[in-house]
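Report on the following structure.
Computed from the coordinates by the stated procedures, all read-outs in this text should not be read as laboratory data. Keep in mind it's a predicted model, so treat the numbers as computed, not measured. Here the Cβ positions follow ideal geometry from the backbone for every residue, glycine too, while neighbour counts run over all protein chains shown.
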């Protein structure tokens, strides 16, 4: 039996709302240079909203006892989990793309909420997702969040540098030596790096410092 036209219009409206929500999330991620940007987030949000909306209205037309809409929603969660796993990469002891995977998962939740008609919780979730970058900025600004870096310098300055790293609680590991050059991987922050660069400048130590994080 063809569903009532008002129901179909309701679903279309919810799809349009989910389209805008996915666009906001995707634009924010793409602007930050992250994987799974504008189109991916929009598709995840719209697709989740369509599945949720259809399952709920089909259940109503058949009777809740005949069709449980939560079964479809549960499948959305597991299906998007596989999609998110595809953007997680492992390099040595490091994982990248975890935040992107979590964003895809949350975007799907936003789509489900919109498809089910929960606009206010969905809108609040979109707002919270958009707060990720400002929060990350504060973390880096005030030194509560570290990045992985690789630093290389002349071997004769190794003891001086290790003393500095120990004094500033910078964890160094994965040491490698190539001829007269020593390299370390270290977990540091922007603030600690500023002090490190100042220290190396005072000692007139030539070095290279490279971020290893995405």
Between 0 and 90°, nearest 10: helix 5-31 axis offset from the chain longest Cα axis: 10
Between helix 190-202 and the chain: long-axis angle, C-alpha atoms, 0 to 90°, nearest 10: 20
Relative contact order (percent, whole number), region 147-211, Cα cutoff 8 Å, 6+ residue spacing: 50
Calculated Rg and Dmax of region 5-130 using C-alpha coordinates, Å: 15.3, 55
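If neighbour count is taken as other Cβ atoms inside 10 Å, put 157, 149 in order from fewest to most.
Fewest-to-most Cβ neighbours within 10 Å comes out as 157, 149.
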Relative contact order, percent, the chain [alpha-carbon distance under 8 Å, six or more residues apart]: 18
Max mean-square fluctuation residue, GNM over the chain, Cα-Cα springs under 10 Å, options 190, 160, 28: 160
Using alpha-carbon coordinates, inclination of helix 132-141 to the longest axis of the chain, degrees: 20
Likely footprinting exposure, 32, 18, fewest C-beta neighbours within 10 Å first: 32, 18
Diffusion coefficient, µm² s⁻¹, Stokes-Einstein with Kirkwood Rh over alpha-carbon pairs of region 147-211 at 4 °C and 1.567 mPa s: 111
